[in-house]
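What follows draws every value from the coordinates through simple rules; no lab data is involved. What you are looking at is a predicted structure, and each value in this text was computed from that prediction instead of being measured. In this analysis, Cβ positions are derived from the backbone assuming ideal geometry, glycine residues included, and neighbour counts consider all displayed protein chains.
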Amino acid sequence: MSTRGGHYDGLETRDPAAREADLFARLPEVLRKALAAPAYAERLGGIDPAGVTSRAALARLPVLRKSELPALHRAAPPFGGLTTGPLGAFGRLFTSPGPIFEPESTHADPWRGARALYAAGFRPGDVVLNTFSYHLTPGGFIFDGSARALGCAVIPAGPGNTEQQFELIEAYRPVGYSGTPDFLKILLDAGAATGRDASSIKRAVVSGAAFPPSLQAEIKARGIDAYQAFGTADLGIIAYETEAREGMIVNEDLILEIVRPGTGDPVAPGEVGEIVVTSLDPDHPWIRLALGDLTAALPGVSPCGRTNLRIAGWMGRADQTTKVKGMFVRPEQIAEIGKRHPELGRLRLVVTRAGEADAMTLRAESGAPSEALQNEIGATLRAVTKLGGAVELVGAGALPNDGKVIADER
């Protein structure tokens with residue numbers, strides 16, 4: 001890895017046609033390895049990997065929807081027959097709500113995040129405060145491993161416990177922050193209120209929650225240059241902001257398609273569609289994984305000099321799954337709450353912003369509302385989604401009969 005100039009390495013500035021040729025020259029071997037896994041063999045049976053050397057050929061393969069993964073993982077634990085080899089071949093083993101189980105490969109920078117941190121101004125030798133969770137889910141390790149691959153020292157802080165966080169900040173003087181934008185604001189507000197010094201933090205990579213313009217302006221006014229990264233627990237960092245602030249650059253070693261939601265058909269250039277990603281990690285390949293997230297491609301090359309595809313960033317969900325405080329909440333989870341409380345009618349989870357933080361309220365139809373029932377549903381909401389939220393009981397028939405169970409109003 002070179003740190004000369006403003007780019008992580010020469011891959012970022014190569015001719016787009018050369019990048020495309022390299023990706024599709026490598027894809028057939030990755031497909032051959034994928035076909036050794038039983039689920040891929042069933043899904044892709046009959047294809048000739050040697051013939052998949054273009055976007056048109058790739059687009060003829062079926063998509064694998066992320067929403068399918070929980071059922072696949074339950075049917076053939078732990079990874080749904082999408083990997084080969086023993087579990088001991090992986091470094092760490094995680095779970096995300098669903099449940100979806102994720103392995104971490106053992107090669108350097110397995111989540112592909114070092115170049116995203118570099119684009120945000122992180123450099124070898126920097127100290128980074130990482131506040132993503134290290135507990136069971138991969139978020140903390142995605143950014144921890146990426147920072148260490150870049151040559152940074154990492155404070156594995158995780159979220160919460162601001163008093164102890166300030167002890168670490170004042171002792172180690174981190175220049176970088178990685179975590180949700182919400183928690184960065186919480187940290188800065190707590191420091192201002194208690195006289196603790198977080199002034200060493202000058203740069204941030206934020207992900208896992210909305211970063212609206214109002215919060216961007218507030219963070220910048222407090223002396224921190226913050227950049228967004230878009231990623232998933234399955235793939236790591238998919239795209240990231242650069243100093244150009246014109247969309248997000250797609251990461252290297254990924255083939256990103258934008259398709260018409262509900263299909264595998266690529267959209268016209270500039271049209272909003274669903275993100276589908278094929279990764280070239282031979283240890284755990286993903287072949288046309290449809291994420292459920294919407295975006296659009298931007299024309300031309302970024303002013304920062306990086307030549308890979310640019311996307312407009314996150315533009316909503318192709319389905320009703322949404323992300324709250326860095327955690328996905330899925331329609332099937334709301335259905336599970338209904339199963340645990342059969343006395344309820346329709347349910348609708350409403351996601352909003354309150355004080356620059358994500359908030360959610362579960363509206364539930366009840367013929368016999370009570371405070372005890374409200375508390376019971378609140379406990380179930382937390383147990384199923386791993387997130388706290390308010391519960392509002394409404395009368396029978398009060399919620400629209402439109403099939404919507406999650407309403408993202410942010």
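Just a few scattered comments:
- Here is the tail figure for the chain: Cα pairs spaced more than 34 Å apart come to 32 percent of all pairs.
- Antiparallel %, DSSP beta bridges [both residues in the chain], to 5: 60 percent
- Sequence-distant lysines (8 or more away, or on other chains) whose Cα lies within less than 27 Å of residue 33: 66
- Charged-residue dipole, Cβ positions (Lys, Arg, Asp, Glu), segment 271-393 about Cα centre, Debye nearest 20: 180 debye
- The Cα atoms of segment 1-145 give a gyration tensor whose axes a ≥ b ≥ c have a/c of 1.5 or more with a/b no greater than b/c, which makes the shape oblate.
- With neighbour counts taken as other beta-carbon atoms within 10 Å, the residues 284, 341, 73 rank, fewest first, as 341, 73, 284.
- Remark: 218, 257 ranked as 218, 257, counting other beta-carbon atoms within 10 Å and listing the fewest first.
- Distance cut-off 16 Å, percentage of C-alpha pairs in segment 271-376 lying past it: 72 percent
- If you take the Cα centroid of segment 358-410 and the Cα centroid of segment 2-41, the two points sit 44 Å apart.
- Our helix-only sum for the chain, with -39,500 (n - 2.57) per DSSP H run of n ≥ 4 divided by its residues, gives a mean residue ellipticity at 222 nm of -8500 deg cm²/dmol.
- Spatially proximal lysines relative to residue 339 (Cα-Cα < 19 Å; intrachain offsets below 8 disregarded): 386, 404
- Antiparallel bridge percentage (DSSP; both residues within segment 323-408; nearest 5): 55 percent
- Cα pair count fraction exceeding 21 Å, expressed as % - segment 323-408: 22 percent
- Rounded to the nearest 20 debye, dipole of the chain from Cβ charges on Lys, Arg, Asp, Glu: 180 debye
- The distance linking segment 66-118 with segment 220-275 is 20 Å (Cα centroid to Cα centroid, whole angstrom).
- Compactness ratio for segment 140-256: Cα radius of gyration over 2.2 N^0.38 Å (N = residue count) comes to 1.07.
- Antiparallel content of DSSP bridges confined to segment 202-336, in %, to 5: 85 percent
- Positive end of the dipole of the chain (Cβ unit charges, origin at the Cα centre): among 298, 378, 95, the Cα lying farthest that way belongs to 298.
- Dimensions of segment 47-124 based on its C-alpha atoms, expressed as ranges along the principal axes with the largest first, amount to 43, 33, 24 Å.
- Fewest-first ranking of 22, 281, using other Cβ atoms within 10 Å as the exposure measure: 22, 281
- If you plug the beta carbon distance of residue 106 and residue 36 into 1/(1 + (r/R0)^6) with R0 = 30 Å, you get a FRET efficiency near 0.95.
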